[in-house]
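Here's the structure, in structure tokens; my notes come after.
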Amino acid sequence: MTTASICTIGDEILIGQIVDTNSSKISTALNRIGVKVRYMLSIGDDRQEIISNLDKCLKDTDIVIVTGGLGPTKDDITKDALASLSGASGYKESPEQLAIVKRILGARHIDLLDINLAQAQVPDTCEVIPNKLGTAPCMKFPFEVSRYGHPAVLYSLPGVPYEAEGLLDDILEDIKKNFTLEKIIHKNIITFGVPESVLSKQIEDWEDALPDWLHLAYLPNTTVGIRLRLSCYGADDPARVERMDSEIEKLKEILGPTVYGSGDDTLQSILPRLLKCPPEATCQETISVAESCTGGHLSELITSVPGCSRYYNGSVTSYSNEVKTKVLGVDPAIIANFGAVSQQCAEAMAKGVACLMDSDYAISTTGIAGPDGGSAEKPVGTCWIAAVHRNRSTGEIEVVSKKILSMSASRDVNIKRFASNALDLLRHLAGQQLF
């Protein structure tokens, strides 16, 4: 398996002044052509640190892609470090890049200075891939087997994201010409409602029995749940792909209703399936929402899905008790006897909005998001959620409710957890075996 390292150069990344978007784009592109990324490093503007870290990456991986540190100013020292690393005896001019430098500066009516001309000067150990979008070229440094025990190549790109991205296709083509690549396939199944540690224990025996070319990763997310990503290396072999699919079916059988989706599914994106809403057809069922502590976030999740107007009737954000009673029809005695944050209130809110908006399903949230407002009996992070289903043929209303206790003191995190759990409760009420 061909492996790679991705390295960013610059103090501005290490101090958080800018966000590194280059590494994720490069990693995605490499993975797509069958290159496994082993390392991602950020290195400061220190010549020796650059040399030592890149030297280690070249020892450990076949390909190293570097971004940053190639500007015209004195703090950009990557080119000099690469000249030393590669054993360059001097610099040479790149006619192609020089022409681009003159064109770009001329178009901007900027005087051509020595430091601009220096951008076209490169170590004599490198090959140049012209950068049509900027003044700093991409430099390719090949290393013989005798240096690292295996053929290795380093590509140095400018750090400006659109310039780095503009050079990426040329680099990928060069890699495909010079390396034997194996296909990599990733497949996700998505779970909700079981903590990562518990999930890991449930599938421990299954995971231990995987062959070494099948790797499992846990990707937790507050809103989505836990994505279980299975990666198949050497997927050019049909037998491996078949084994991968078989293992995914075993995994779904072990986890049962914990699994709600695959690929890029989210709790909100599966609503059309839950509500029997096929593409370009009339939806059989509809949904409405009554929110208190989530303050509209639950509605925001639902309406983030294109086409939701076919099944989503609307919502009431009933923050005050007066709105709960006068709009949703919650009996004032419920709030007086049990409080607004209670099972009884959540269920009444869900029933009220279902009737108010004539929907088949409804979900509600009422709780204490924080950071204050809690009590010993109902601490911050307490939330009651409810989901109802109205059977139009019999007139019966099925109700389920659940208490959520989030340990987070963060208001934002609590709101996200409350909303996601409400969608998950609806999923269980709808009882759809999606997978």
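Of the residues screened, LYS102 is not one that is basic (Lys, Arg), in contact with a strand residue (DSSP E or B) (Cβ under 7 Å, 6 or more places away or on another chain), surrounded by 15 or more Cβ atoms within 10 Å (Cβ to Cβ) and more than 15 Å from PRO158 (Cα to Cα). Only one of the numbered conditions (1) out of contact with any Pro (no Cβ under 9 Å at 6 or more places or on another chain); (2) more than 19 Å from ASN221 (Cα to Cα); (3) crowded, with 17+ Cβ neighbours inside 10 Å; (4) not assigned by TED's automatic domain parsing to the domain that holds ARG417 is violated by ASP245, and that is (3). Taking each residue of the range 261-279 that is farther than 16 Å from HIS428 by Cβ and touching a residue at least 24 places away in the same chain (Cβ under 8 Å) and looking for partners that are among the aromatic types (Phe, Trp, Tyr) and part of a loop (DSSP other than H, G, I, E, B) with beta-carbon atoms closer than 6 Å, six or more apart or interchain, yields CYS277/TYR311.
Across the range 87-107, what is the number of residues that are among the hydrophobic types (A, V, I, L, M, F, W, C), in contact (Cβ under 8 Å) with a residue 24 or more places away in the chain and under 20 Å from GLU163 (Cα atoms)? So the answer is 4. Scanning the range 263-286 for residues that are under 18 Å from LEU301 (Cα atoms) and either polar (S, T, N, Q) or outside any loop (DSSP other than H, G, I, E, B) (or both) yields a count of 8. When you scan the range 146-161, do you find a residue that is assigned to a helix (DSSP H, G or I), closer than 25 Å to SER52 by Cα, polar (S, T, N, Q) and outside the structural domain of LYS416 (by TED's automatic domain parsing), even just one? Scanning the range 146-161, I find at least one residue that is assigned to a helix (DSSP H, G or I), closer than 25 Å to SER52 by Cα, polar (S, T, N, Q) and outside the structural domain of LYS416 (by TED's automatic domain parsing), so the answer is yes. Candidates ILE270, ILE248, ILE254: the one that is out of contact with any Asp or Glu (no Cβ under 8 Å at 6 or more places or on another chain), closer than 13 Å to GLY225 by Cβ and among the β-branched types (Val, Ile, Thr) is ILE270.
A search for C-beta distances below 9 Å between a residue of the range 39-63 that is in the same structural domain as ASP11 (by TED's automatic domain parsing) and in contact (Cβ under 8 Å) with a residue 12 or more places away in the chain and any residue that is in a loop (DSSP other than H, G, I, E, B) and of a type in the set (Phe, Trp, Tyr), counting only pairs 6+ apart in sequence or on different chains, returns ASP62/PHE179; ILE63/PHE179. PRO238 meets the conditions (1) surrounded by 13 or more Cβ atoms within 10 Å (Cβ to Cβ); (2) more than 30 Å from ASN313 (Cα to Cα) in every case but one. The failed one is (1). Just wondering, is there one or more residues in the range 23-37 that are touching a helix residue (DSSP H, G or I) at 6+ places or on another chain (Cβ under 8 Å) and of a type in the set (Ser, Thr, Tyr)? No, every residue in the range 23-37 fails to be touching a helix residue (DSSP H, G or I) at 6+ places or on another chain (Cβ under 8 Å) and of a type in the set (Ser, Thr, Tyr). Checking each residue in the range 372-404 for being farther than 17 Å from LYS324 by Cβ, in a loop (DSSP other than H, G, I, E, B) and in contact (Cβ under 8 Å) with a residue 24 or more places away in the chain picks out PRO379, VAL380, GLY381, ARG392. Based on what the data block shows, is ILE33 more than 14 Å from VAL64 (Cβ to Cβ) and touching a residue at least 60 places away in the same chain (Cβ under 8 Å)? Taking the combined requirement at face value, the residue satisfies it. When we screen LEU298, LEU356, LEU328 for residues that are among the aliphatic types (A, V, I, L, M) and within 27 Å of LEU219 (Cβ to Cβ), the only hit is LEU298. Note on the range 337-371: among residues that are part of a helix (DSSP H, G or I) and among the charged types (D, E, K, R), the one that is surrounded by the most Cβ atoms within 10 Å (Cβ to Cβ) is GLU347. For the range 43-77, a residue qualifies if it is surrounded by 18 or more Cβ atoms within 10 Å (Cβ to Cβ), within 27 Å of the chain's Cα centre (by Cα) and more than 22 Å from ASP170 (Cβ to Cβ), and exactly one does: ILE43. Whether any residue in the range 326-336 is farther than 17 Å from GLU291 by Cβ, buried (at least 19 other Cβ atoms within 10 Å of the Cβ) and not acidic (Asp, Glu) is what I want to check. Yes, there is a match, as at least one residue in the range 326-336 is farther than 17 Å from GLU291 by Cβ, buried (at least 19 other Cβ atoms within 10 Å of the Cβ) and not acidic (Asp, Glu).
Looking at LEU112, LEU172, LEU117, just one residue is in a helix (DSSP H, G or I), at pLDDT below 95 and not small (Gly, Ala, Ser), and that residue is LEU117.
Let's see how each residue does on (1) under 40 Å from the mean Cα position of the chain (by Cα); (2) on the phi > 0 side of the Ramachandran plot; (3) in contact (Cβ under 8 Å) with a residue 40 or more places away in the chain:
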residue	(1), (2), (3)
HIS109	no, yes, no
LEU117	no, no, no
PRO123	yes, no, yes
CYS126	yes, no, yes
PRO130	yes, no, no
CYS138	yes, no, no
PHE141	yes, no, yes
LEU157	yes, no, yes
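The values are calculated or read from the model by the stated rules, or taken from the named source; none is laboratory data. These figures come from a predicted structure and were not determined experimentally. As a convention, Cβ positions derive from the backbone with ideal geometry for all residues, glycine included, and neighbour counts pool all protein chains shown.
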